[in-house]
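Q: After the structure tokens below, expect a handful of questions from me.
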């Protein structure tokens, strides 16, 4: 970043004519802009150190990370290798497990997001008996340790024939349906909590004018609430996707770890010997499994923009 | 309330289309079907397992559906409790299996395997090991040997050290190495959620060799308290190996707890050596193979069994191995267990290395891939007193407390009495049926 | 060293069974991607059509339940139903046959080892949400003002995308301890030894530091979460409001304190509450790094052991109920918070 006193300071994303006019403010902003950049860069740098270490070590030979620090690899003589990536990408079950991960994660993200949006809308804008108490109970359920739900729920799933290996009409493994339902239940408390909070602060006059125009709740929900809450929905989708994508235990319980159904986490974990032999493969595996969540994050990041509500509130 | 069920049903139909397909495998004369196996083998071990299973599938037409997890206790207990067990489970420890068997959740094998054939091919110890309360529940297909001291013969030769034959030799060698300014041992205890287990190996090996199999059996069965003189003596003997504050060990107590057990052997191969001896089971060679530069069996490393602490128990060895258990009685599961007990199956396993030793006596010693594994197999054949890993036999919470106690002990040996008293407290509850 | 082109040429190609992929897998996935949203939208539209057929008077009474119904059903089955069993089990002995009243609670809470566990949970409860909120808010607000915001956010977000399977190995590169006679391979000890000429420290095992070292791992992982949500709230603040404040001559700090912070408060409460609950049930980090040894044990990990190692459902259930009870004060705070929001509008 250039020194800000001479040239105009780095512009904040939003700049108005009024702001441009104020020179004195600009100079002080210039000084703080330098500090701002230093602060942002320092925090970011501190944050990426572990990830950078992981990245560099993923290109080093197996035993190397144990004898010298990853930063030493940045100086010659260079000895990078793709061995770990070769082992990970060469895993025989990798392609099917990528598919299985999508098969689990996409519905297990869509279903709770949609159901949570319905519920959050009601909690935020409808009046009904016990509303606050039900809502609080939902938030409290965030604290339920998942491990304690496994036995009762798996028992239920088995009784309903939703155990992995049973085939539903159409050839879908019933375990998938079980895990979608499970992840939906596990994800709902946070999803509803987050969305209701965002829905609740939408401007009241929006709803009033919509009602005057004769729009029903379904129209208001799809035409007003959802579009205005896109950043919240985007962040929820990102997190629910991530949690499900990175989950290992829930998948092993409801779906099992056999190759036909195993998600990516299971396949990648199994590259390492049961006592931890070749644990360097985990470095490359971490990046292989990170690709999809990062793409999701990238593609949803454009919804984190200011001004969705612009013009809807009286300044 | 019924709405969601309808939605789910509708969803299933929309989503799945209509083409239902039911393929039934009817290979003529073969059993066919699938056997679902839950185990812990991953990586190279899984490849070996696949190799062992291939002839089985070819012969019987039974497909293998294998799933691996490192959280075997959690997954197995959940699946059994929920009524969705795998057909066969291969477990590295049987503490949980004993509980399940006593709760009536496991079928016995006495009437499902050909016991007379098993008696002919297996040593009595290995069959008895599979019995819980007198009934046969588990079957072992391979063993690994514990209580092995790995060393670099070049380093020993350079200093004129000789392989110790007796416990006195070992302590003399230990003193000599120290007098020469070296460190006798490398000890590495870090192993994530199982941290401490390598130290527990030392202790159980000493218990067996020092106080004999009766004490050992009573101890893992929860009938002998940790605070009894025999068990306490084993810990103090190990404490003498470690030296006060871990002074006999490279890097001392901090290095012991912070170093991942698989990396512990690296100190043998540095120049000058950081340590001269490293106690680990036969599987540790799979970690040696990952070191840079890769050490060569025979020239860079060799092995000798931990000398007898007490000559009355000469030739006592601690062994380990996966216990196969039928978690669901199906024809396929029976066929698999029968196959695993055969010399053919175990032969494939040992030929692929990884420190595995066959239990079936028909497997030829010549089938082991290198001199070291052959010599280890010889030790197992010659062993007069073989005992299975005590920790793996204890209930899981007892075993974890044992591992934790190791970590506390190496950090402060003088607190041994309170550590053992705590272990007694765990012992008092751990053996109760769930 | 190989030429990198040669290396890439030898990279294995994903082994894909194209036949199955195109004929079976992809169609199934497509059905799911199209079918699931269709069912969900179909439900709410269809249900509303039905509600409209009801008498006008009873519509407002029925309609909310149509919207919250699916959520309540799912949560009821997946979370409430198992928790009822758990709560019942916490009042019975480990065999589940004898009623012991509060016996499990008094026994667990008077056990000598529990004090360390409670102390650690308290540490997590204070430091983890506090630091996550602090860093999350700082990053959301500061990154909002730089041109490379997207890059910064992606980099901070990355830890979230790393599955916990790789956690132990990543932190080995940070905290690992080597004997002082060897080069340090963990960056923290390397800095300590090479720049500050200190002695290396066993960060994960040394009881003076390890709880902080573990909490830091948690903070590192969760800050991206807080940042993304807080950033979403920040972007929701109408630009006109900020401009109006600037026109009035307020400086940036005042704007932050008087305009941004109050408007973000509901979201800060959401993130804070979530983090407090996550701190209470923190499990992964301790399970992977120390398994509760070296005085780092916490309630949720202890519960895991009771459940799967000891097979003691009574104790596991009791610990779960303690966790649930610990959340109540946070919930009361939330109740006040959203009542305040409603009064304002």
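Q: Return the total of residues in segment A:47-84 being more than 7 Å from every other protein chain (Cβ to nearest Cβ), within 21 Å of residue B:42 (Cβ to Cβ) and not in a loop (DSSP other than H, G, I, E, B).
A: So the count comes out to 2.
Q: Hey, does segment A:135-144 have a residue that's more than 7 Å from chain C (Cβ to nearest Cβ), within 30 Å of residue A:202 (Cβ to Cβ) and touching a helix residue (DSSP H, G or I) at 6+ places or on another chain (Cβ under 7 Å)?
A: For segment A:135-144, residues more than 7 Å from chain C (Cβ to nearest Cβ), within 30 Å of residue A:202 (Cβ to Cβ) and touching a helix residue (DSSP H, G or I) at 6+ places or on another chain (Cβ under 7 Å): present.
Q: Of the residues in segment A:47-63, how many are surrounded by fewer than 20 Cβ atoms within 10 Å (Cβ to Cβ) and at pLDDT below 90?
A: Residues in segment A:47-63 being surrounded by fewer than 20 Cβ atoms within 10 Å (Cβ to Cβ) and at pLDDT below 90: 2 in total.
Q: Restricting attention to segment A:107-126, which residues are farther than 18 Å from residue A:230 by Cα and surrounded by fewer than 24 Cβ atoms within 10 Å (Cβ to Cβ)?
A: Result: A:126, single match.
Q: Given the options C:225, C:196, C:212, name the one that is surrounded by fewer than 22 Cβ atoms within 10 Å (Cβ to Cβ) and part of a helix (DSSP H, G or I).
A: C:212
Q: I need a count of the residues in segment A:107-117 that are at the interface with chain C (Cβ under 7 Å from one of its Cβ atoms) and either over 24 Å from residue C:44 (Cβ atoms) or touching a residue at least 12 places away in the same chain (Cβ under 8 Å) (or both).
A: 4
Q: Let me ask you something else. Could you say whether any residue in segment B:299-321 is surrounded by 17 or more Cβ atoms within 10 Å (Cβ to Cβ) and modelled with pLDDT under 90?
A: yes
Q: Which members of segment B:183-196 meet the condition of being modelled with pLDDT of 95 or more and either more than 29 Å from the chain's Cα centre (by Cα) or part of a strand (DSSP E or B) (or both)?
A: Of everything in segment B:183-196, those that are modelled with pLDDT of 95 or more and either more than 29 Å from the chain's Cα centre (by Cα) or part of a strand (DSSP E or B) (or both) turn out to be B:185, B:186.
Q: Still on this model: Restricting the search to segment A:156-179, which residues are more than 8 Å from every other protein chain (Cβ to nearest Cβ), at pLDDT 85 or above and touching a helix residue (DSSP H, G or I) at 6+ places or on another chain (Cβ under 7 Å)?
A: A:161, A:162, A:175, A:176, A:178, A:179
Q: Of the residues that make up segment B:24-33, is at least one within 15 Å of residue A:258 (Cβ to Cβ), at pLDDT 90 or above and either out of contact with any helix residue (DSSP H, G or I) (no Cβ under 7 Å at 6 or more places or on another chain) or at the interface with chain A (Cβ under 10 Å from one of its Cβ atoms) (or both)?
A: Taking every residue of segment B:24-33 in turn, none turns out to be within 15 Å of residue A:258 (Cβ to Cβ), at pLDDT 90 or above and either out of contact with any helix residue (DSSP H, G or I) (no Cβ under 7 Å at 6 or more places or on another chain) or at the interface with chain A (Cβ under 10 Å from one of its Cβ atoms) (or both).
Q: Please count how many residues of segment A:192-230 are in a helix (DSSP H, G or I) and over 21 Å from residue A:116 (Cβ atoms).
A: The total comes to 7.
Q: Quick one: how many residues across segment B:201-217 are free of Cβ contacts under 8 Å to residues at least 60 places away in the same chain and either in contact with a helix residue (DSSP H, G or I) (Cβ under 9 Å, 6 or more places away or on another chain) or at positive phi (or both)?
A: Residues in segment B:201-217 being free of Cβ contacts under 8 Å to residues at least 60 places away in the same chain and either in contact with a helix residue (DSSP H, G or I) (Cβ under 9 Å, 6 or more places away or on another chain) or at positive phi (or both): 1 in total.
Q: In this structure, is residue A:145 buried (at least 20 other Cβ atoms within 10 Å of the Cβ), modelled with pLDDT of 90 or more and not in a helix (DSSP H, G or I)?
A: Considered against the rule, which asks whether it is buried (at least 20 other Cβ atoms within 10 Å of the Cβ), modelled with pLDDT of 90 or more and not in a helix (DSSP H, G or I), residue A:145 comes out as yes.
Q: Go over the candidates C:83, C:61 one by one and state the one that is farther than 30 Å from residue A:99 by Cβ, in a helix (DSSP H, G or I) and touching a residue at least 24 places away in the same chain (Cβ under 8 Å).
A: Among C:83, C:61, only C:83 is farther than 30 Å from residue A:99 by Cβ, in a helix (DSSP H, G or I) and touching a residue at least 24 places away in the same chain (Cβ under 8 Å).
Q: How many residues does segment C:246-259 hold that are buried (at least 16 other Cβ atoms within 10 Å of the Cβ) and either facing another protein chain (nearest Cβ under 10 Å) or not in a helix (DSSP H, G or I) (or both)?
A: Number of matching residues: 3.
Q: Let me ask another. Hey, any hits in segment B:371-393 for a residue that's free of Cβ contacts under 8 Å to residues at least 12 places away in the same chain and either farther than 21 Å from residue B:211 by Cβ or surrounded by 16 or more Cβ atoms within 10 Å (Cβ to Cβ) (or both)?
A: Yes, segment B:371-393 has at least one match.
Q: Sticking with this structure for a sec: Would you point out which residue out of C:262, C:266 is in a helix (DSSP H, G or I), over 14 Å from residue A:145 (Cα atoms) and facing another protein chain (nearest Cβ under 8 Å)? Walk me through how you get there before you give the answer.
A: Values: C:262 fails: facing another protein chain (nearest Cβ under 8 Å).
Exactly one of C:262, C:266 is in a helix (DSSP H, G or I), over 14 Å from residue A:145 (Cα atoms) and facing another protein chain (nearest Cβ under 8 Å), namely C:266.
Q: On to the next question. Whether any residue in segment A:17-38 is modelled with pLDDT under 80 and not in a helix (DSSP H, G or I) is what I want to check.
A: Among the residues of segment A:17-38, at least one is modelled with pLDDT under 80 and not in a helix (DSSP H, G or I), which makes the answer yes.
Q: For segment C:305-320, what are the residues that are touching a helix residue (DSSP H, G or I) at 6+ places or on another chain (Cβ under 6 Å) and part of a helix (DSSP H, G or I)?
A: Correct list: C:306, C:307, C:308, C:313, C:314, C:315, C:316, C:317, C:318, C:319, C:320.
Q: Same structure again: Using the structure shown, decide if residue B:58 is assigned to a helix (DSSP H, G or I) and at pLDDT 90 or above.
A: Yes, satisfied.
Q: Could you please let me know if residue C:164 is at negative phi, surrounded by fewer than 23 Cβ atoms within 10 Å (Cβ to Cβ) and more than 8 Å from every other protein chain (Cβ to nearest Cβ)?
A: Numbers: at negative phi: yes; surrounded by fewer than 23 Cβ atoms within 10 Å (Cβ to Cβ): yes; more than 8 Å from every other protein chain (Cβ to nearest Cβ): no.
Against the criterion (at negative phi, surrounded by fewer than 23 Cβ atoms within 10 Å (Cβ to Cβ) and more than 8 Å from every other protein chain (Cβ to nearest Cβ)), residue C:164 does not qualify.
Q: Give the residue that is farthest from the other protein chains (Cβ to nearest Cβ), with candidates limited to residues of segment B:34-46 that are without any contact (Cβ under 8 Å) to a residue 60 or more places away in the chain and part of a helix (DSSP H, G or I).
A: Going through the qualifying residues, I end up with B:46.
Q: Is it the case that residue C:234 is more than 23 Å from residue C:138 (Cα to Cα), modelled with pLDDT under 95, within 10 Å of chain A (Cβ to nearest Cβ) and in contact with a helix residue (DSSP H, G or I) (Cβ under 6 Å, 6 or more places away or on another chain)?
A: Answer is no for this residue.
The values are calculated or read from the model by the stated rules, or taken from the named source; none is laboratory data. Keep in mind it's a predicted model, so treat the numbers as computed, not measured. In this analysis, Cβ positions are derived from the backbone assuming ideal geometry, glycine residues included, and neighbour counts consider all displayed protein chains.
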